[in-house]
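First the structure, in the form of structure tokens, and then the observations on it.
The values are calculated or read from the model by the stated rules, or taken from the named source; none is laboratory data. Keep in mind that this is a model prediction, so the values were computed, not measured. Backbone-built Cβ (ideal geometry, glycine too); neighbour counts: all protein chains shown.
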Ligand code: AMP
Ligand code: MG
């Protein structure tokens with residue numbers, strides 16, 4: 001294919017020049033970042049950004065993140081930046097950290113869904129960085145997936161659903177983190193985590209002393225409730241099958257609960273830590289890894305596979321809601337549409 005670039009075993013990043021040009025000229029480029037794959041477009045070009053919403057079937061009130069390659073690109077799109085915001089950017093950029101700032105006039109309404117703020121991130125992934133440099137404009141990029149589906153963490157997972165909608169496709173293998181960026185907004189001098197990610201509450205607290213975690217991270221948005229991050233109110237990551245998330249700090253209790261639940265169904269599928277699979281023999285299982293880092297990397301690919309098993313129930317083992325575990329639980333609770341059992 002003409003507009004396909006495989007950089008899995010190739011570090012000749014000058015090959016990204018053509019993709020950068022494609023972005024600048026209004027095309028859509030599928031590319032890897034260190035978090036997940038993104039669908040990128042020229043973030044200052046309204047028409048190009050509109051194509052992202054169309055490709056994903058994304059609700060028009062769900063704003064996009066602008067990606068920059070260096071601090072020189074910032075003043076063009078954000079203004080009135082406070083010292084705390086500067087401190088956070090300095091600490092976590094480049095990296096899996098998005099900050100919500102006051103936007104400038106140049107940022108099209110379609111990027112921010114009409115909000116006066118704009119989400120901005122400087123990715124550390126080398127392909128993303130070089131692509132932005134070659135494009136020489138901020139790249140608007142949501143996660144690469146049809147809206148509601150799990151985000152793409154390798155090209156194979158998303159190729160079929162997106163290939164016909166892209167002008168250029170870059171293969172960078174598996175992404176490093178596997179979960180989308182941490183999204184933070186500073187309100188009255190206090191950073192609020194609107195979406196958890198690899199940069200944890202503890203990381204943020206260590207830099208500026210305080211942090212708040214938005215209640216919608218683990219709880220459903222109530223009717224008519226004001227929500228700081230529009231993306232949090234949508235159905236996300238959920239397979240077609242019914243899913244239940246189960247967690248206990250005590251492994252024995254967790255295993256018995258999973259067994260009890262699965263015995264009520266004909267064709268259950270269990271997604272659990274590898275170290276627990278031995279104890280769950282006799283039913284279909286998928287191992288999700290053991291460490292939080294492994295689970296982050298694997299979980300979206302696993303959620304995409306679930307429906308192939310045609311299960312009548314999917315039981316997913318939860319993790320502690322601490323550190324990176326909070327980000328994993330945020331995604332899993334949504335995948336299970338808030339079906340969550342925690343046993344003391
Ligand atoms: P995605 O790029 O698909 O992973 O999603 C981006 C997330 O950032 C969504 O949850 C958005 O709602 C959120 N976001 C982007 N821009 C803003 C903004 N200006 N204010 C609040 N949340 C934002
Ligand atoms: Mg997304």
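Taking the stretch 255-298 as the range and being under 16 Å from residue 319 (Cα atoms) and in contact (Cβ under 8 Å) with a residue 40 or more places away in the chain as the test, the residues that pass are 257, 258, 270, 271, 272, 273, 276, 296, 297, 298.
Collect the residues in the stretch 150-175 that are in a loop (DSSP other than H, G, I, E, B), closer than 22 Å to residue 298 by Cβ and either within 16 Å of ligand 1 (Cβ to nearest atom) or in contact with a strand residue (DSSP E or B) (Cβ under 6 Å, 6 or more places away or on another chain) (or both), keeping them in residue-number order. If the condition is that a residue be in a loop (DSSP other than H, G, I, E, B), closer than 22 Å to residue 298 by Cβ and either within 16 Å of ligand 1 (Cβ to nearest atom) or in contact with a strand residue (DSSP E or B) (Cβ under 6 Å, 6 or more places away or on another chain) (or both), then 150, 151, 152, 153, 172, 175 are the ones that fit. Quick one: which helices (runs of 4 or more DSSP H) lie wholly within the stretch 1-106 and hold at least 2 residues that are within 13 Å of residue 129 (Cα to Cα)? By residue number, 17-24.
Figure legend. Inter-residue proximity from the stretch 123-146: first residues within 14 Å of residue 16 (Cα to Cα), second residues within 11 Å of ligand 1 (Cβ to nearest atom) and part of a loop (DSSP other than H, G, I, E, B), beta-carbon distance below 7 Å, spacing 6+ or different chains. Indicated pairs: 125/33; 128/33.
Residues in the stretch 233-256 that are more than 16 Å from the chain's Cα centre (by Cα) and not in a helix (DSSP H, G or I): 239, 240, 241, 242, 243, 244, 245, 246, 247, 248, 249, 250.
Among the residues of the stretch 176-192, which ones are in a loop (DSSP other than H, G, I, E, B) and in contact (Cβ under 8 Å) with a residue 60 or more places away in the chain?
176, 177, 178, 179, 180, 181, 189
For the stretch 128-153, taking the residues that are farther than 12 Å from residue 29 by Cα and more than 16 Å from ligand 2 (Cβ to nearest atom), the one that is surrounded by the fewest Cβ atoms within 10 Å (Cβ to Cβ) is identified as 136.
The set of residues from the stretch 240-252 being touching a residue at least 60 places away in the same chain (Cβ under 8 Å) and either within 16 Å of ligand 2 (Cβ to nearest atom) or out of contact with any strand residue (DSSP E or B) (no Cβ under 9 Å at 6 or more places or on another chain) (or both) comprises just one member, 240. With the checklist (1) within 16 Å of ligand 1 (Cβ to nearest atom); (2) more than 19 Å from the chain's Cα centre (by Cα); (3) at pLDDT 95 or above; (4) over 29 Å from residue 41 (Cβ atoms) in hand, flag the one item residue 225 doesn't pass. So residue 225 meets the others, but not (3).
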